Amino acid sequence: MVSKLRLLFDRFTLILIVVVTTATLLPAHGQGAVFFHWLTAAAIALLFFMHGAKLSREAIIAGATHWRLHGVIFLWTFVLFPLLGWALGPVLTPLLGEPLYVGVLYLCVLPGTVQSAIAFTSIARGNIPAAVCAASASSIVGIVITPLLLQLLLKTDTSALDSTSLLQSILRIGQQIFLPFVAGHLMRPVIGRWMDRHRALVTKVDQSSILLVVYTAFSESVVAGLWSQVDPQSLVWLVLVCCVLLAIVLVLNTWSTRRLGFNRPDEITIVFCGSKKSMATGVPMAGVLFSASAIGPVLLPLMIFHQIQLMVCAVLAQHYQRMGGPTPPPRRRAPA
């Protein structure tokens with residue numbers, strides 16, 4: 001029982017809950033908010049610099065050739081997932097309220113995760129090179145596609161979006177995410193071996209950056225009156241909506257992948273890369289795309305969905321691993 005709880009509630013999930021609680025009780029404001037703003041900008045740059053440095057050129061070449069697989073992942077991430085969130089609008093808007101529904105729609109248009117999608121694909125014995133390529137490409141393409149989809153589905157008259165123009169938003173997101181990513185990848189010949197030897201340290205820095213960004217974003221939202229906008233009943237409904245949304249995507253994703261005739265390693269890659277949404281990319285993007293008063297309700301669905309997807313995918317990866325099983329040794333002929 002304890003091992004199952006550890007599988008569902010890992011240390012990062014518990015620390016994230018503590019960070020959100022701290023931001024609620026002790027939000028940064030005044031000069032402290034200015035300090036955390038600049039510290040967060042540096043953390044985001046470091047985060048994507050490391051993502052770029054971890055991506056090897058060999059993995060890009062090995063994974064990029066599987067165009068059919070990448071097409072299906074792209075379709076789920078940037079077409080079917082957003083359409084599902086948009087189609088549920090007439091139900092979710094009166095159920096959750098417009099601010100939280102905007103957050104659900106924002107969640108649906110985000111790119112997929114990188115680190116956890118690759119990790120779960122590896123545990124489940126999927127196509128790891130293709131997962132590395134697909135997850136990384138999703139983050140890069142999402143810099144442009146996510147703001148475009150959001151403006152298209154929300155329409156331009158929504159009060160949640162910041163007044164910054166779409167082009168300016170894309171340029172700011174590219175400056176915060178894409179440039180550090182490219183710089184990190186170009187530095188891989190110099191620091192790649194060191195990062196491979198210190199994967200545990202790199203993971204801790206990665207997670208610490210996300211926690212810092214979450215604290216800063218939630219502090220701004222709490223100061224702007226986040227919890228006066230979201231009541232406990234809406235929060236319960238939001239958890240249920242995130243569970244149902246993930247279940248629909250996982251079931252349809254798995255069914256369609258099998259109907260298209262992909263083998264098991266490719267199916268695993270498509271399921272994990274096409275159903276997960278990135279908090280590492282979503283939080284800094286939200287800071288650019290949304291006003292301070294709107295960012296809290298926007299991030300709540302992403303944070304809840306992120307934890308649910310980690311729990312469910314951890315169990316699913318173990319299930320795939322058991323289904324695959326170890327490769328049996330070749331049989332020896334009995335001596336005549």
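Residues checked against (1) surrounded by 14 or more Cβ atoms within 10 Å (Cβ to Cβ); (2) among the basic types (Lys, Arg); (3) in contact with a Ser or Thr (Cβ under 9 Å, 6 or more places away or on another chain):
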{"position": "Leu212", "(1), (2), (3)": "yes, no, yes"}
{"position": "Tyr215", "(1), (2), (3)": "yes, no, yes"}
{"position": "Phe218", "(1), (2), (3)": "yes, no, yes"}
{"position": "Ser221", "(1), (2), (3)": "yes, no, yes"}
{"position": "Val236", "(1), (2), (3)": "no, no, no"}
{"position": "Ile248", "(1), (2), (3)": "yes, no, no"}
Quick one: would you say Ala28 is open to solvent by less than 20 Å² (accessible area, probe 1.4 Å), modelled with pLDDT of 80 or more and assigned to a loop (DSSP other than H, G, I, E, B)? yes
Test: residue in the range 58-80 that is among the hydroxyl-bearing types (Ser, Thr, Tyr), in a helix (DSSP H, G or I) and surrounded by fewer than 17 Cβ atoms within 10 Å (Cβ to Cβ): no
For the range 223-234, which positions are open to solvent by 30 Å² or more (accessible area, probe 1.4 Å) and modelled with pLDDT under 75? Ala224, Trp227, Ser228, Gln229
Test result for Leu149, over 28 Å from Ser208 (Cβ atoms), in contact with a Pro (Cβ under 6 Å, 6 or more places away or on another chain) and crowded, with 18+ Cβ neighbours inside 10 Å: yes
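Let's see how each residue does on (1) at pLDDT below 80; (2) in contact with a helix residue (DSSP H, G or I) (Cβ under 8 Å, 6 or more places away or on another chain); (3) of a type in the set (D, E, K, R):
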| position | (1), (2), (3) |
| --- | --- |
| Leu96 | no, yes, no |
| Val102 | no, yes, no |
| Val109 | no, yes, no |
| Gln115 | yes, yes, no |
| Thr121 | no, yes, no |
| Arg125 | no, yes, yes |
| Cys133 | no, yes, no |
| Ser138 | no, yes, no |
| Val141 | no, yes, no |
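The values are calculated or read from the model by the stated rules, or taken from the named source; none is laboratory data. In this text, all values refer to a predicted model and were calculated from it rather than measured experimentally. No Cβ is skipped: glycine too gets one built from the backbone with ideal geometry, and neighbour counts run over all protein chains shown. All accessible areas refer to the heavy atoms of the entire protein, side chains included, with ligands and DNA or RNA removed. Shrake-Rupley method; radii C 1.70, N 1.55, O 1.52, S 1.80 Å.
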